[in-house]
Structures are given as structure tokens and as C-alpha cells.
1. Determine whether Asp277 is of a type outside the set (A, V, I, L, M), within 16 Å of ligand 1 (Cβ to nearest atom) and farther than 21 Å from Ala226 by Cβ.
2. List the strands (runs of 3 or more DSSP E) inside segment 17-94, counting only whole elements, that have at least 2 residues being at negative phi and among the charged types (D, E, K, R).
3. Kindly indicate the residue of segment 296-324 that is under 19 Å from Ala240 (Cα atoms) and modelled with pLDDT under 90 and also nearest to the chain's Cα centre (by Cα) among those meeting that condition.
4. Any chance you could count how many residues in segment 273-302 are in contact with a strand residue (DSSP E or B) (Cβ under 6 Å, 6 or more places away or on another chain) and closer than 14 Å to Gly253 by Cα?
5. I'm trying to understand the selection: among the residues of segment 52-68, which are within 8 Å of ligand 1 (Cβ to nearest atom) and closer than 13 Å to Val92 by Cβ?
6. In segment 138-170, what residues are without any contact (Cβ under 8 Å) to a residue 60 or more places away in the chain and crowded, with 16+ Cβ neighbours inside 10 Å?
7. If we keep just the residues of segment 183-216 that are buried (at least 23 other Cβ atoms within 10 Å of the Cβ) and under 12 Å from the mean Cα position of the chain (by Cα), which is farthest from Leu55 (Cα to Cα)?
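The values are calculated or read from the model by the stated rules, or taken from the named source; none is laboratory data. Quick caveat: nothing in here was measured; it's all calculated off a predicted structure. A quick note on method: Cβ atoms are made from the backbone with ideal geometry, for glycine too, and the neighbour counts reach across all protein chains shown.
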Amino acid sequence: MSTPLVSIKDMGLRFTAKRTVSAVNQISLELAHGEVLGLLGESGSGKSATLRALLRLYPESRAKVSGQIRIDGQDVLSLKGRALEQYRGGTVSMVFQEPGLAFDPVYTIGQQIVQAIQAHAAVSQQDAAEQALAMLERVQIPQARRRFDAYPHELSGGMRQRAMIALALSCKPKLLLADEPTTALDATVQIQILLLLRELQKEMNMSVIFVTHDIGAAVEVADRIAVMYAGRIVEQGAVADIVHRPLHPYTAGLLASSVGAANKGQPLQAVPGSPPDMSNPPVGCAFAPRCSRASDICRTEAPPVEQLGGRSLACWFPPHSEPT
Ligand SMILES: Nc1ncnc2c1ncn2[C@@H]1O[C@H](COP(=O)(O)OP(=O)(O)O)[C@@H](O)[C@H]1O
Ligand SMILES: [Mg+2]
């Protein structure tokens, strides 16, 4: 097996500002070149925090990242200065749910993509402008030349999202972090953007971590799915395995609550209860208070992550084992 592009071991993230919040707890994952991982979970499970920590976006004074993160041969947590700048946007880049986070309202779309290209490669203004325009065309923005000179607010939501993808891909990153990039869009535009992302990913042989709370979107774009709950990855495996035979009760609950081919005609069924407060996480398995299978050990001891036929699972009582 070739070396994975991304290797994360026991990564943790604690916000330390007002009160301590353990947003990410001992997560481990690997990603091969050209592989797409769907990171799935309810709101507040730590998905965005994970991506932002991978990009080193949090100031060290307010957020402590622990564990080991190797991406493209680099020890991410020790990057400094110029190497960190090259890493951000060069090796790894990010698209957000809200393009406002990526674009500065006072510069045109074209100026911002040109700036990004020139920050990471020694190319002339004219070459950078040509590359930027080609990228806007590649993400299927109609009248790309006109949009090049437009300000972010002059574009529709779907077009801004395409422009943000163009910005993120303009330096040909090896890893794209996509944080719910289609959640704010209409259903039809969502599908178009998902298909576009998948196409670009294949064309550039790029690895992607795609964050979503929508299992349908994850199935559409991902090769593998990691399910996150209360800052932990509770189950991780190939899309088909996760969808057809979920082992973690939380994964099974998410599947049952989504409208999909697997449960056509059945009533929507949300996972009862709500996620724990991460400034005061429960002892034991964080899902136990919402789990119909929970037994004494679940409430006192967190289950270890175990490897199980090509997937990983953190549960004391997966299906076919009976609580004692
Ligand atoms: N900057 C921050 N400071 C303190 N707590 C934060 C910060 N950002 C996120 N959190 C907390 O971390 C947890 C995970 O949040 P987040 O990663 O945004 O969840 P998700 O993206 O899965 O919805 C939540 O409990 C949230 O309140
Ligand atoms: Mg989020």
C-alpha cells in the first residue's frame, strides 16, 4: 500500500477561552491520494472544528490541538511561517458553507483568485489572470469573463459557491476540505455542485474531506464515510458497508432519519434526544443517553475504537452482540 496523503492519529481539540470545550476527542483517520471521505454527523458533533484545526486556523492561545497530523509528508502541527502559509491554500484548501468567509467584499472575484494563485506560485499577473479565468470557466460559471470582474455580492448564491470552489482549487491543492458546501443552496443547485465537485476531484486526483449532516450527500460524493458523534468518530467504513449494514446505533439512527432508497415509504424517524454539552461531556459512551442498546458499561466507560472487517467501530454492543 502506498503512503496515505493524510494520516491523523489520536487528534484532539480543546477550546480553552471562556470554558473548556472538548470539541474533538482522539480521532484517527487516513486518506489515500484521490480518496473522498464523507464526515457525517449532527450539528455540534465537531466536524467544522476538525477541518479548521487541520488547516491550523485556530490561534494556539485559544485552542489546543493534540495528537499527530501528517499531510503530504508534513508534520502539520509543527508548521510555522512560510511553510504554514504554503500549506494553507497550497497543499490543503477549504470551501465553506458560507462563501462570505472566503471572499473579501471589497475585491472582485477575479482579483481574489489571481491573488491566491500568485501567493503560491511565481506566475505573472497576466498568466495568473488567465488561470483564474480558466478556473471560473471550469466550475461552469456562465459568462466567466464578466463574473471575473464582479464583486462577490453581485453573484447568486450558487454562483458564489462555484466561485469559491474555483478559488479553493486555483492552487491545485492535494487535499480539499469541504465544510457543508451545499447546505445553504436549493436542492437542484446542491446536486449540480456535488456532481461538479466529484468531477473536479477525479480530474485532479485530489483527496477530499467532505463534511455534511446529510447522509444522501455523503453517499453521492464519498468513497468512505466517518460518522462523528460528540467529537469522536464512532464508525468509519466504505460507503456501501455503512449504508447497508450500519453497526453503530447512532449510524443506524441517522440512516433511519434520512429519506433514501433504503427506507422509501417509511415515516421519518429522528434519533430521539440531543447531543451532549461538550463543555460537560458524559462519562462513558457519549451516545449512551440516547441509545436503546445501552447497558451499565456504556454509562461508565467509553468504548475503544476497534477494527472490524475493514471498518472501525466504537461501541460496546454492536448488532448481534447482546447487552449483559
Ligand atoms: N471557537 C469556538 N470556541 C469554543 N467552542 C467552540 C468553538 N467552535 C466550536 N465550538 C464548540 O465545539 C463543538 C463542535 O462544534 P462544530 O465543530 O462547529 O460542530 P459541527 O461543525 O459538527 O456542527 C460545539 O460544542 C461548539 O459549540
Ligand atoms: Mg459545522
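1. So Asp277 passes the test.
2. Fully inside segment 17-94 and qualifying: 63-71.
3. Gly310
4. 1
5. Answer for segment 52-68, where residues must be within 8 Å of ligand 1 (Cβ to nearest atom) and closer than 13 Å to Val92 by Cβ: just Arg52.
6. Scanning segment 138-170 gives Ile141, Ala144, Arg147, Phe148, Ala150, Pro152, Leu155, Gly158, Met159, Arg162, Ala166, Ser170.
7. Filtering segment 183-216 for residues that are buried (at least 23 other Cβ atoms within 10 Å of the Cβ) and under 12 Å from the mean Cα position of the chain (by Cα), the one farthest from Leu55 (Cα to Cα) comes out as Thr212.
To keep it simple, each residue is scored yes or no on (1) within 16 Å of ligand 2 (Cβ to nearest atom); (2) of a type outside the set (Ser, Thr, Tyr); (3) closer than 23 Å to Ile225 by Cβ.
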| position | (1), (2), (3) |
| --- | --- |
| Asn25 | no, yes, yes |
| Tyr58 | yes, no, no |
| Gly90 | no, yes, no |
| Gly100 | yes, yes, no |
| Thr108 | no, no, no |
